[in-house]
Amino acid sequence: MKARLWRGGVVATLAGDSGWGLIDDGALLVEGGLLRWVGPSADAPPADDIVELRGALVTPGLVDCHTHLVYGGNRAHEFEQRLLGASYADIAKAGGGIRSTVAATRAASEAELLSAATKRARALIAEGVTTLEVKSGYGLDCATETRMLRVARQLAGLGVDVRTTYLAAHALPPEFSNADAYIDAVCRWLTGLSDAGLVDAVDAFCEHIAFSPAQVGRVFDAARRLGLPVKLHAEQLSDQGGAQLAAGYRALSCDHLEYLSPAGIRAMAEAGTVAVLLPGAFYALRETRLPPVAALREAGVPIAIATDHNPGSSPTLSPLLMLNMACVLFGLTPEEAWRGMTVNGARALGLADRGRLVAGQRADFCVWDGGHPRELAACFGHNPLLERVFEGHQGEA
Ligand code: DI6
Ligand code: FE
């Protein structure tokens with residue numbers, strides 16, 4: 001196996017629980033897709049091959065731990081409706097919102113879904129994403145949920161690690177009038193999808209316009225029986241106590257959380273559940289209620305950041321913009337935002353083998369035109385990526 005040394009860069013390792021872990025003239029030795037050694041260039045071990053970084057900035061590859069990347073159609077008309085005064089919940093109650101994307105997704109072939117999702121994944125990859133989570137949840141029938149998850153798996157061919165999440169409990173499909181009966185079906189479908197190797201985690205939307213905590217609990221019981229970890233869209237539009245429910249199942253993450261209560265924070269802290277904050281949805285829906293960042297910090301709840309890319313509430317394909325918005329809108333420090341899209345994003349997916357630049361981790365990293373990672377959080381609408389390395393391989397940038 002050939003060992004390649006990258007040397008002469010500013011390496012932000014994010015090693016340890018705080019601080020940037022900066023090495024000013026740093027080097028990384030990569031072998032077999034893993035980081036074998038990271039340290040000052042002057043101390044670097046011998047290698048078969050050397051890449052000069054010429055002072056460029058090196059960070060862990062970005063982890064986008066919450067996306068709805070696979071779907072048909074678009075919802076720009078709802079953007080116009082909201083600007084005319086309709087709320088996200090009004091549009092959903094009138095049969096638009098998630099249901100409108102469900103109709104477009106059911107009508108799309110696997111090839112059409114793959115082609116559209118490929119363009120979106122390429123945009124994320126072009127900003128340095130090396131691990132990508134993709135949720136189902138726009139099929140709401142077994143065949144279309146399956147198609148979505150198969151398409152998500154195929155995105156791995158682009159040179160990105162894809163994690164799939166089953167989100168059939170996203171909205172009530174038009175052919176069901178009884179939410180409990182639909183939840184029975186959601187639990188039934190999960191067994192086959194899990195057996196087919198299409199599901200890495202299970203998610204649900206716990207909200208007054210979606211499913212109750214009791215209904216979500218039934219989905220989580222089904223996940224638990226299959227040994228699958230859970231996550232939850234919780235307290236996005238109201239406080240449903242979803243965080244406490246999810247923490248009871250030792251959820252990997254609770255996501256959104258604008259209406260998270262002190263009891264929810266305590267439960268998440270005790271369970272080690274990651275808080276995934278989604279500034280794109282907050283921004284696009286012109287929300288005013290902020291997630292309780294100071295209280296999360298104080299309780300020691302790890303914070304992650306993601307795009308939540310979806311056609312309705314967060315049609316962004318820019319993880320770099322989310323770094324900036326996490327700071328400007330939510331008051332995260334640039335270091336918290338960076339940890340949110342690297343090590344804590346990985347943790348929200350149950351992955352401990354990435355997100356930091358230390359020996360033994362996957363060799364997923366980005367080389368940027370810049371001198372310090374805070375520059376990338378301060379800037380927006382600009383992409384200074386020079387090189388993206390995925391499992392030790394230089395890819396498209
Ligand atoms: N919350 C969200 O932000 C996405 N899903 C969810 O439960 C949005 C889904 C959509 O509007 O299509
Ligand atoms: Fe979402």
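The values are calculated or read from the model by the stated rules, or taken from the named source; none is laboratory data. Worth saying up front: this structure is predicted, and the values here are computed from it rather than measured. Positions of Cβ are backbone-derived with ideal geometry, glycine not excepted, and every protein chain shown enters the neighbour counts. What goes into the accessible areas is simple: the full protein's heavy atoms, side chains included, and nothing from ligands, DNA or RNA. Shrake-Rupley method; radii C 1.70, N 1.55, O 1.52, S 1.80 Å.
Out of the residues in region 104-135 meeting the condition of being among the β-branched types (Val, Ile, Thr) and within 28 Å of residue 343 (Cβ to Cβ), tell me which one is surrounded by the fewest Cβ atoms within 10 Å (Cβ to Cβ). Step through it out loud before you land on a result.
Taking region 104-135 first, the residues among the β-branched types (Val, Ile, Thr) are 105, 118, 125, 129-131, 134.
If we keep only those that are within 28 Å of residue 343 (Cβ to Cβ) as well, we get 118, 125, 129-131, 134.
Numbers: 118: 17, 125: 24, 129: 28, 130: 27, 131: 25, 134: 26.
Here the answer is 118.
Assess whether residue 8 counts as being over 30 Å from residue 202 (Cα atoms), of a type outside the set (Phe, Trp, Tyr) and open to solvent by less than 30 Å² (accessible area, probe 1.4 Å).
Details: over 30 Å from residue 202 (Cα atoms): yes; of a type outside the set (Phe, Trp, Tyr): yes; open to solvent by less than 30 Å² (accessible area, probe 1.4 Å): yes.
Considered against the rule, which asks whether it is over 30 Å from residue 202 (Cα atoms), of a type outside the set (Phe, Trp, Tyr) and open to solvent by less than 30 Å² (accessible area, probe 1.4 Å), residue 8 comes out as yes.
What is the number of the single condition among (1) among the hydrophobic types (A, V, I, L, M, F, W, C); (2) closer than 28 Å to residue 383 by Cβ; (3) more than 16 Å from ligand 1 (Cβ to nearest atom); (4) in a helix (DSSP H, G or I) that residue 187 does not meet?
(2)
Go through (1) more than 16 Å from ligand 2 (Cβ to nearest atom); (2) of a type in the set (A, V, I, L, M); (3) open to solvent by 10 Å² or more (accessible area, probe 1.4 Å) one by one and return the number of the condition residue 210 breaks.
Result: residue 210 passes all but (1).
Examine region 4-13 for a residue that is touching a Phe, Trp or Tyr at 6+ places or on another chain (Cβ under 7 Å), at pLDDT 95 or above and of a type in the set (A, V, I, L, M), and state whether such a residue exists.
Taking region 4-13 first, the residues touching a Phe, Trp or Tyr at 6+ places or on another chain (Cβ under 7 Å) are 12.
Still in the running and at pLDDT 95 or above: 12.
Checking the rest, the ones that are also of a type in the set (A, V, I, L, M) come to 12.
Yes.
Of all residues in region 152-180, which are open to solvent by 40 Å² or more (accessible area, probe 1.4 Å) and either away from ligand 1 (no atom under 16 Å from the Cβ) or within 23 Å of the chain's Cα centre (by Cα) (or both)?
Step one: of region 152-180, the residues open to solvent by 40 Å² or more (accessible area, probe 1.4 Å) are 153-154, 156-157, 163, 172, 174-178, 180.
Matches in region 152-180: 153, 154, 156, 157, 163, 175, 176, 177, 178, 180.
Taking residue 67 and the conditions (1) within 16 Å of ligand 1 (Cβ to nearest atom); (2) under 19 Å from residue 388 (Cα atoms); (3) among the polar types (S, T, N, Q), which numbered condition does it fall short on, given that it satisfies the others?
(2)
Of all residues in region 263-282, how many are open to solvent by 20 Å² or more (accessible area, probe 1.4 Å) and either among the acidic types (Asp, Glu) or touching a strand residue (DSSP E or B) at 6+ places or on another chain (Cβ under 8 Å) (or both)?
1
This table checks each residue for (1) open to solvent by 50 Å² or more (accessible area, probe 1.4 Å); (2) in contact (Cβ under 8 Å) with a residue 24 or more places away in the chain; (3) within 16 Å of ligand 2 (Cβ to nearest atom).
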position	(1), (2), (3)
285	no, yes, yes
296	no, yes, no
300	yes, yes, no
323	no, yes, no
331	no, yes, no
